[in-house]
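The values are calculated or read from the model by the stated rules, or taken from the named source; none is laboratory data. For clarity, every value in this text was computed on a predicted model and none was experimentally measured. Here the Cβ is made from the backbone with ideal geometry for all residues, glycine too, and neighbour counts use every protein chain on show. These area figures cover heavy atoms from the full protein model, side chains too; ligands, DNA and RNA do not enter into them. Shrake-Rupley method; radii C 1.70, N 1.55, O 1.52, S 1.80 Å.
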Number of protein chains: 4
Amino acid sequence: MSHNTFGHLFRVTTWGESHGPALGCVVDGCPSGIPLTEADIQPWLDKRRPGQGKFVTQRQEPDAVRILSGVFGDERTPGQLTTGTPISLMIENVDQRSRDYSEIAQAFRPGHADYAYFAKYGVRDYRGGGRQSARETAARVAAGAIARKIIPGVEIRGAVVQIGPHAVDPARIDWAETANNQFWCPDAAMVPVWEEHLEKVRKAGSSTGAVVAVEALGVPAGWGAPLYGKLDAELAAAFMSINASKGVEFGAGFASAAFSGEENADEMRAGPDGPEFLANNAGGVMGGISTGQPVTARVAFKPTSSILTPRQTLNEAGEELELRTKGRHDPCVGIRAVPVVEAMMACVLADAFLRHRAQTGGGAFHPGETARR
Amino acid sequence: MSHNTFGHLFRVTTWGESHGPALGCVVDGCPSGIPLTEADIQPWLDKRRPGQGKFVTQRQEPDAVRILSGVFGDERTPGQLTTGTPISLMIENVDQRSRDYSEIAQAFRPGHADYAYFAKYGVRDYRGGGRQSARETAARVAAGAIARKIIPGVEIRGAVVQIGPHAVDPARIDWAETANNQFWCPDAAMVPVWEEHLEKVRKAGSSTGAVVAVEALGVPAGWGAPLYGKLDAELAAAFMSINASKGVEFGAGFASAAFSGEENADEMRAGPDGPEFLANNAGGVMGGISTGQPVTARVAFKPTSSILTPRQTLNEAGEELELRTKGRHDPCVGIRAVPVVEAMMACVLADAFLRHRAQTGGGAFHPGETARR
Amino acid sequence: MSHNTFGHLFRVTTWGESHGPALGCVVDGCPSGIPLTEADIQPWLDKRRPGQGKFVTQRQEPDAVRILSGVFGDERTPGQLTTGTPISLMIENVDQRSRDYSEIAQAFRPGHADYAYFAKYGVRDYRGGGRQSARETAARVAAGAIARKIIPGVEIRGAVVQIGPHAVDPARIDWAETANNQFWCPDAAMVPVWEEHLEKVRKAGSSTGAVVAVEALGVPAGWGAPLYGKLDAELAAAFMSINASKGVEFGAGFASAAFSGEENADEMRAGPDGPEFLANNAGGVMGGISTGQPVTARVAFKPTSSILTPRQTLNEAGEELELRTKGRHDPCVGIRAVPVVEAMMACVLADAFLRHRAQTGGGAFHPGETARR
Amino acid sequence: MSHNTFGHLFRVTTWGESHGPALGCVVDGCPSGIPLTEADIQPWLDKRRPGQGKFVTQRQEPDAVRILSGVFGDERTPGQLTTGTPISLMIENVDQRSRDYSEIAQAFRPGHADYAYFAKYGVRDYRGGGRQSARETAARVAAGAIARKIIPGVEIRGAVVQIGPHAVDPARIDWAETANNQFWCPDAAMVPVWEEHLEKVRKAGSSTGAVVAVEALGVPAGWGAPLYGKLDAELAAAFMSINASKGVEFGAGFASAAFSGEENADEMRAGPDGPEFLANNAGGVMGGISTGQPVTARVAFKPTSSILTPRQTLNEAGEELELRTKGRHDPCVGIRAVPVVEAMMACVLADAFLRHRAQTGGGAFHPGETARR
């Protein structure tokens, strides 16, 4: 994770601003011989795409991805395979609505990174937030689609589990339900509650926060590299790099602070296919290494900073003013963050897999194995 | 952050196991000309040192640090200065109590990383947890002492704000109070409550979780490098790399999920020395860049996994057994984590400062400045 | 330097194949506030462009570069400035001549990397050499144009000093002369000799090797970071990463093996503006750190591997065959390598400058200065 | 390669100065389960050790290496195995002869990096050259011993092939001969010539340069990662990072500049075990990827900069003076560089192997294989 590149061996470098001609990424280090066309990537982008419901921004972007390098096919090879060289992906910006930016050209929108970018760089592309725009996350989702193909045995699923004060009861989570509503909500009973809440928020020109849950099933034991490449440390960085995220927790997370040692211990029994755990408070990671259980995390998102209520702020000249942020905005960025959180999970896991394969040859040692030690 | 090295320009590589001859780290990339002797590092290690109270492990380790390289002084230069070359620090292990490890040599302690290390590497140093032992954090604290000297204008302070179910009321936090008790507790009234709770936990051979709060004051605007070197993303990785941490949040953190956009906006006014914020829900970081406000975070720690109550587990042969973890352990690892959290904050900030200076020359653009844009 | 990214703080990630839709690079870590438009980059690409003489490939590529991100300008800022965010550059491939690749689709061209790519990846884009094509160097040249703007005080100049057996006498080198001929030859008397040699080579369907010399003037003392980020080590890697390069030397290079210690010592005297050296056998670098003298290097290039004389080889089925490589090729790749060598020098120096500024604040300590020691 | 760390997955961080208490390195990323004790490392250090002949420095250093972490053995595992955690190696400095450094404490030894370090850092450890001392290479040799165990099928051998003006005829190279003389000379007939030359040089208080050749046999096809992690690019950086090296070439190297395309093509035939090459002008690397042939390189070393003849220079005050460098020095550093060059080759190859295994699973595609493409 460094400037605009993340990953060690599966490396993704993203570029682009909200209102520039295009955005994209270069995915480097991908294994060769993996079938890959635009059709493998586009569905994931479509999940993230704006303009798909009442409670997300009305900006209309087809988000059509184009693969510019790193794949090859000819008459002898139906389809296309990755070649092991860098895969360049590009998504053109289409609906950069022509409008008057004179207000925010000068003023710092409170809650946004406008002032921080100004303080650091002295120059900033204010159109639609420039580089800080959530449009950049399209590049992450595209990269995540490739990452998933490197670890085909892993299933990643995300859900919104809280919007504003309304949290889903963990006991009621039904992952299949997330496909049935516009909120990725895993509890059908919560959907009308959120609808009502968001309608109120939208009408008030306000916004609201959310919590996203994510799980990776099928991650074998052994991924992650202690001590500073711990799987959960890398996931935490990946999730915190998403726009508007304010917190990350794994397994029991903050709740584990109130646990006793007895509650916390994820006891083990021998199963037919190897160790089985009686609980997963650890969230599938111990000592920074996967245990073979589902890798589970939750990410907190603050409310969209763009709201219609005037807020006190400054402009670049240092003068005080009040600002209301017009434009097309999601009232709850957490909703559209779901595919992004999933994509970051996929990228970190693909990278962890490659690094694990490098150091150990891949695979895991099983209890009872006498090979080494 | 990669395997056993963290940082990009201020790079720390740690090594060592709980029961090996020594542990230590190599600090690379430190600026030259900084006065540095063992006396600058030892006090921070003394803060972290075990054997200092009823509620921390009784292992007696002097944790005396030795600087093996990277500094120089002669008769013309009283004291010693860093030379810009790698600083090697070593701490010898002294109190590796001779005991019988035959039980855990074979068995995986539940809640510990024993099984994960076995699954990944096939061979593990089980004595005292080997590399997964919290003794490694001594190296982090030593590195943090050097990091602080690179950013002398920054003050870092940590506190325990929750032990088990007993959380400090944020309104009652008095940072000065942390020096007055063995818990780094910022609320004098909470001290007896925690004492009672921990006494009960200790007697039961159990353990308890905790939450640590940390703040950095004096961080100027502009540190942190979007999008994948965001200051909060790097801090999140640094904190999640600490033993037993299960969650990280910044500013309002998970609470911001329930906020409205109006509540969330950290409004700005013009102050005599530059922008002033009316709130700090962002935790001093927006868009991954520091804003000039205090950088604030909270880290959740699970209970110590070593407890006396027998727990179900497996051994390396895959056989089921029950295990109670004897030995000398902290009933609440969160307490001794405070200096470690502070040290990781220092290291990440020193690294962010150097990277900021590289790209921008250092400093920040101030509103009203007409230099560039 | 890792896979398809080079540089530490000034980081360039290149992508693209010879016969794909486009090629390009992402330049990350560039300081903000630097004026940059396509017009700053295009002239350097034009220097490298194919189709410009009898002795370079006749492929016609306009090599028009497009900046897709990382710059910003509005009515208040005439022109465009870098914003500190990643700069994405794209060059479309235009003249991918439609032809029959069936022969090399199966066969490994000897001297080329065809077999090596096959052995590593199992799948390869054979059209025009795919990723191994020298077309990729256009991305390097574009990145180099940006690098030069970060270190405006540094002048970089390259020349061909040997083609085949005909080497320029070092005493006759006149850098100004390189602009007057199609060979970047610094000795007017050598031009007809090379013309005759290359004409013979071209007619024979053969090719020839070359040596390129490069110098950077105005590099201050202090750049480069021992021990493994030595300025000459990083330059060596950068030059060796260029297609067809087989050797690199600095200063007196291989000749210094025959020197005595007396000949080798670059003695110093006090000049009006600081230390002056009486010789520069070191090539401007000692201990991996620049000395303030010109940084000088020479790079050896092997002959173009594509020749018309049939050569023995294998195909992907492992069968023996004879192959003559048709197509449009430079008989001497060393000639068109000059702008590439210059660009790599620029990129490495810009990166070294940023890293030096990070660790030291920039600048150099001057003899007589009493500040620190 | 960055500051004091080299390698990507097999990462070596070295530390220590000539006259500090010790020097060493941390080797991170080593696979687990490899038998490793001090006895595996010490013989390689003994090869490099000073004090072993008339023509190397008389400093007496036992160079006894100590493993401080990263290995484990118990009664169930005879011997010790690597655990996958960082391996810390330490070598104490013993013979730091007490002497008067007042002369070079102030003056810059010409040809040395004294001035460059001063200009960069403002403070330097002048005792024995501090960090720029060739003593640091002991850490490289120790790391190389571990690297060799990761790639047991690879044999690495080095030789001195030129001292001063006296070069070995390539046709006369007999690798077995290197063990029979103090020069690692592969031509018995050259030994007396070099003895006479070096005796003259030593008596004159002078020094001489040298060229070292190195080969790695048994490297399979497929190692190395284009375009900026090319095997030869990484080797070039590794070799150029060695003290006093001034040039690197692979295969035919600089001689290939005079080649025709026909001479240069390394033609291929089908052998019983896969492709066979009729020549190896490429030095075992094409397009940055190993071809299965021996990887061959040559490294040029300048003469030792410490000589008895007075040379003109400056001191830290900027005053002119003449300096003759007393002390214990090798008249030809190239000789003792042989084990260092070999070690760097081993480290780069081990790293390349791990990275290749990460991206491809290891192994190579063989002609005739129909698996993928």
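Report, in degrees rounded to the nearest 10, the 0 to 90 angle that the Cα long axis of helix D:38-48 makes with the longest principal axis of chain D.
60 degrees
Counting only residues 5 or more places away or on other chains, whose amide H sits under 5 Å from the amide H of A:ALA225 once H atoms are built in the peptide plane?
Amide H neighbours of A:ALA225: A:LYS230, A:LEU231.
Is there a quick way to get the dipole size of the protein assembly as shown? I mean about its Cα centre, with the Cβ of Lys and Arg at +1 and of Asp and Glu at -1; what is the value in debye to the nearest 20?
The dipole of the protein assembly as shown has a size of about 0 debye.
Could you put A:ASP174, D:ASP232 in order of accessible surface area, largest first, with the 1.4 Å probe and the full protein assembly present?
Putting A:ASP174, D:ASP232 in descending order of accessible area: A:ASP174, D:ASP232.
Only Cα pairs under 8 Å and at least 6 apart count here; give the relative contact order of the stretch D:153-278 as a rounded whole percent.
22 percent
Once ligands and nucleic acids are excluded and a 1.4 Å probe is used, how much of D:GLU199 is accessible, expressed in Å² to the nearest 10?
Approximately 40 Å² for this residue.
For a quick size check, give me the Cα extents of the stretch D:167-305 along its three principal axes, largest first, whole Å.
Answer, in whole Å and largest first: 54, 32, 29 Å.
Distance in nm between label sites at B:LYS203 and C:HIS366, each 7 Å beyond Cα in the beta-carbon direction?
7.4 nm
Using θ = phi - 60° and the Karplus form 6.51 cos²θ - 1.76 cosθ + 1.60, what ³J(HN,Hα) does each residue of the stretch B:230-237 get, whole Hz, x for Gly and Pro?
Couplings: 3, 4, 6, 5, 6, 5, 4, 5 Hz.
Classify the stretch C:211-263 as rounded, prolate or oblate from the Cα gyration tensor: take a ≥ b ≥ c as the square roots of its eigenvalues, call it rounded if a/c is under 1.5, otherwise prolate when a/b beats b/c and oblate if not.
In terms of gyration-tensor shape, oblate.
Enumerate the aspartates and glutamates that C:LYS120 could reach by cross-link, defined here as Cα to Cα under 14 Å, with residues fewer than 8 away along the same chain left out.
Candidates past the 8-residue exclusion: C:GLU316, D:GLU369.
Once you keep just the Cα pairs under 8 angstrom separated by 6 or more residues, what percentage relative contact order results for the stretch C:296-335?
Rounded, it is 44 percent for the stretch C:296-335.
Whole Å is fine, so just give me how far the alpha carbon centre of the stretch B:178-249 lies from that of the stretch B:309-373.
If you average the Cα positions of each part, the centres end up 10 Å apart.
If one puts a single equal scatterer on every Cα of the stretch D:116-237 and applies the Debye formula without solvent, what log₁₀ I(q)/I(0) results at q = 0.11, 0.16, 0.21 Å⁻¹?
-0.60, -1.08, -1.23
For the stretch B:194-351, report the accessible area per residue in Å² (1.4 Å probe, heavy atoms, rounded to an integer).
Result: 26 Å² per residue.
Can you give the average number of partner chain beta-carbon atoms within 10 Å of each beta-carbon in peptide C:266-279, as a whole number?
Rounded to a whole number, the mean comes out at 4.
A:ALA358: net charge of surrounding residues, Cβ under 9 Å, Lys/Arg +1, Asp/Glu -1, itself excluded?
Net charge around A:ALA358: +4.
What accessible surface, in Å², does a 1.4 Å probe find on B:THR137, ignoring ligands, DNA and RNA and rounding to the nearest 10?
B:THR137 exposes around 10 Å² with every protein chain in place.
Percent of Cα-Cα pairs per 10 Å bin, from 0 to the last occupied bin, for the stretch D:224-373, please list those.
In whole percents, the pair-distance histogram is 9, 28, 28, 17, 11, 5, 2, 0.
With the cut-off at 1.5 for a/c, could you classify the stretch B:88-133 from its C-alpha gyration tensor as rounded, prolate or oblate?
The shape class here is oblate.
When a/c is below 1.5 the answer is rounded, else prolate if a/b is larger than b/c, else oblate, so apply that to the stretch D:172-226 with a ≥ b ≥ c taken from the square roots of the Cα gyration tensor eigenvalues.
Since a/c reaches 1.5 but b/c is at least a/b, the shape of the stretch D:172-226 is classed as oblate.
Can you pull the Kirkwood radius for the stretch C:118-162, inverse mean 1/r over Cα pairs, to one decimal in Å?
One decimal place: 13.6 Å for the Kirkwood radius.
For helix C:137-150, report the angle its Cα long axis makes with the longest principal axis of the Cα atoms of chain C; keep it between 0 and 90° and round to the nearest 10°.
Roughly 10 degrees, rounded to the nearest 10.
Determine the relative contact order of the stretch C:58-163: mean sequence separation of Cα pairs under 8 Å and six or more apart, normalised by residue count, in whole percent.
That works out to 20 percent.
Peptide D:204-214: average number of partner chain Cβ atoms within 10 Å per residue?
Average per residue, whole number: 4.
Which ³J(HN,Hα) values, rounded to whole Hz and listed in residue order, are derived for the stretch C:8-14 from phi using the Karplus coefficients 6.51, -1.76 and 1.60 in 6.51 cos²θ - 1.76 cosθ + 1.60 with θ = phi - 60°, glycine and proline given as x?
Rounded to whole hertz, the list is 9, 10, 8, 10, 10, 10, 9.
With axes computed from alpha carbons, what is the tilt in degrees of helix B:333-360 against the longest principal axis of chain B, rounded to the nearest 10 within 0 to 90?
Once rounded, the angle reads 40 degrees.
Among C:PHE55, C:PHE259, C:PHE72, which one shows the highest mean-square fluctuation when chain C is modelled as a Gaussian network with alpha-carbon springs under 10 Å?
Taking springs between Cα atoms under 10 Å, the residue moving most is C:PHE259.
Skipping prolines and chain starts, which residues have an amide H placed within reach, meaning under 5 Å, of the one on D:ALA64, given they are 5 or more residues away or on another chain?
Sorted by chain and number, the residues that satisfy this are D:GLU92.
Return the calculated 222 nm mean residue ellipticity for the protein assembly as shown, to the nearest 500 deg cm²/dmol, obtained by summing -39500 (n - 2.57) across DSSP H runs with n ≥ 4 and dividing by the residue count.
After summing the helix terms and dividing by the residues of the protein assembly as shown, the value is -7500 deg cm²/dmol.
To the nearest 100 Å², how much accessible surface do chains B and D hide from each other in total, with a 1.4 Å probe?
3500 Å²
With θ taken as phi - 60° and the coefficients 6.51, -1.76 and 1.60, list the Karplus ³J(HN,Hα) couplings across the stretch B:303-309 in order, rounded to whole Hz; mark glycine and proline as x.
These are the phi-based 3J(HN,Hα) values: x, 3, 7, 7, 9, 8, 5 Hz.
Just the Cα atoms of the stretch D:16-170: what Rg and Dmax do they give in Å?
For the stretch D:16-170, the Cα radius of gyration and maximum Cα-Cα distance read 18.6, 58 Å.
To the nearest whole number, what is the average tally of beta carbon atoms from other chains within 10 Å of the beta carbons of peptide D:62-71?
Going residue by residue through D:62-71 and averaging, the value is 4.
Got the C:ALA204 label distances to the other copies yet, label 7 Å along Cα→Cβ, in nm, shortest first?
Sorted ascending, the copy-to-copy spacings read 4.1, 8.5, 9.0 nm.
Heavy-atom accessible surface, probe 1.4 Å, ligands and DNA/RNA ignored: which residues of the stretch C:75-95 lose at least 20 Å² versus the isolated chain?
The answer is C:ARG76, C:THR77, C:LEU81, C:THR83, C:GLY84, C:THR85, C:PRO86, C:SER88, C:MET90.
How large is the accessible surface of B:TRP184 in square angstrom, using a 1.4 angstrom probe and rounding to the nearest 10?
50 Å²
Please express the Cα-Cα pair-distance distribution P(r) of chain C as a list of whole percents, one per 10 Å bin, running from 0 to the bin with the greatest distance.
Cα pair-distance distribution for chain C, in percent: 5, 22, 30, 25, 13, 4, 1, 0.
Calculate, in nm to one decimal, what D:ILE173 and D:ALA105 gain on full extension: separation in residues at 0.36 nm each, minus their alpha carbon distance.
Once the chain is fully extended between D:ILE173 and D:ALA105, it gains 20.1 nm.
If you wrap a convex hull around the Cα atoms of the protein assembly as shown, how much volume per residue is inside, in Å³?
With only Cα atoms used, the protein assembly as shown gives 164 Å³ per residue.
Below 20 Å, Cα to Cα, which lysines can D:LYS326 reach? Residues fewer than 8 away in the same chain don't count.
Cα-Cα hits under 20 Å: D:LYS54, D:LYS200, D:LYS203, D:LYS302.
Once the label point is placed 7 Å from Cα along Cβ, list for A:LYS54 the distances to the corresponding points in the other copies, in nm, shortest first.
Listed shortest first, these distances are 6.0, 7.7, 9.8 nm.
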